[in-house]
Amino acid sequence: QVQLVESGGGLVQPGGSLRLSCAASVSIFSINTMGWYRQAPGKQRELIAVITSGGSTNYADSVKGRFTISIDTAKNTVYLQMNSLIPEDTAVYYCSAGQYGHAYWGQGTQVTVSS
């Protein structure tokens, strides 16, 4: 069982930055992949960034060049650095972890981009 706790969401103006954190209850080394998803009102949840245990990363086209996913293995925490935020980034952001064929989810954190 993997528990994930997200933090770092909030209200930010267009062009601003936020960093989301996702703390795992187990060693990151026991997790195959970790990712960040988001779900905007009335839309399906979408995968926006993923990082594997080997450190490979991949991004959705909508966030490529603006968002960066990273891991701090000492803290068992994955981060999502979000720069150049636009109103279309407004959504609930979820952290996910894949381990031994199971998917685990955090509770979600709201990000609102508005002036």
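The values are calculated or read from the model by the stated rules, or taken from the named source; none is laboratory data. Quick caveat: nothing in here was measured; it's all calculated off a predicted structure. Cβ atoms come from the backbone with ideal geometry, glycine included; neighbour counts cover every protein chain shown. Please note that ligands, DNA and RNA were not included when accessible areas were found on the heavy atoms of the full protein model with its side chains. Shrake-Rupley method; radii C 1.70, N 1.55, O 1.52, S 1.80 Å.
Out of all the residues in segment 68-97, which are open to solvent by less than 60 Å² (accessible area, probe 1.4 Å), free of Cβ contacts under 8 Å to residues at least 60 places away in the same chain, of a type in the set (S, T, N, Q) and assigned to a strand (DSSP E or B)? Correct list: Ser70, Thr77.
For segment 41-52, indicate whether the set of residues that are within 14 Å of the chain's Cα centre (by Cα) and polar (S, T, N, Q) is non-empty. Give the derivation first.
Just the residues of segment 41-52 that are within 14 Å of the chain's Cα centre (by Cα), to begin with: 45-52.
When the remaining residues are screened for being polar (S, T, N, Q), the result is 52.
There is at least one residue in segment 41-52 that is within 14 Å of the chain's Cα centre (by Cα) and polar (S, T, N, Q).
Note on segment 1-20: among residues that are in contact with a Gly (Cβ under 7 Å, 6 or more places away or on another chain) and open to solvent by 60 Å² or more (accessible area, probe 1.4 Å), the one that is farthest from Ile71 (Cα to Cα) is Val5.
Would you confirm, using the coordinates I've provided, whether Val113 is within 16 Å of Val2 (Cα to Cα) and more than 14 Å from the chain's Cα centre (by Cα)?
Values: within 16 Å of Val2 (Cα to Cα): no; more than 14 Å from the chain's Cα centre (by Cα): yes.
No; evaluated as a whole, the condition is false for this residue.
Pairing residues of segment 22-41 that are under 11 Å from Gly98 (Cα atoms) with residues that are part of a strand (DSSP E or B) and open to solvent by 60 Å² or more (accessible area, probe 1.4 Å), at Cβ distances under 6 Å and at least 6 apart in sequence or on separate chains, gives Gly35/Leu47. Looking only at segment 21-67, which residues are surrounded by fewer than 16 Cβ atoms within 10 Å (Cβ to Cβ) and either part of a strand (DSSP E or B) or of a type in the set (Val, Ile, Thr) (or both)? Val26, Gln39, Glu46, Leu47, Thr52, Thr57, Asn58, listed by residue number.
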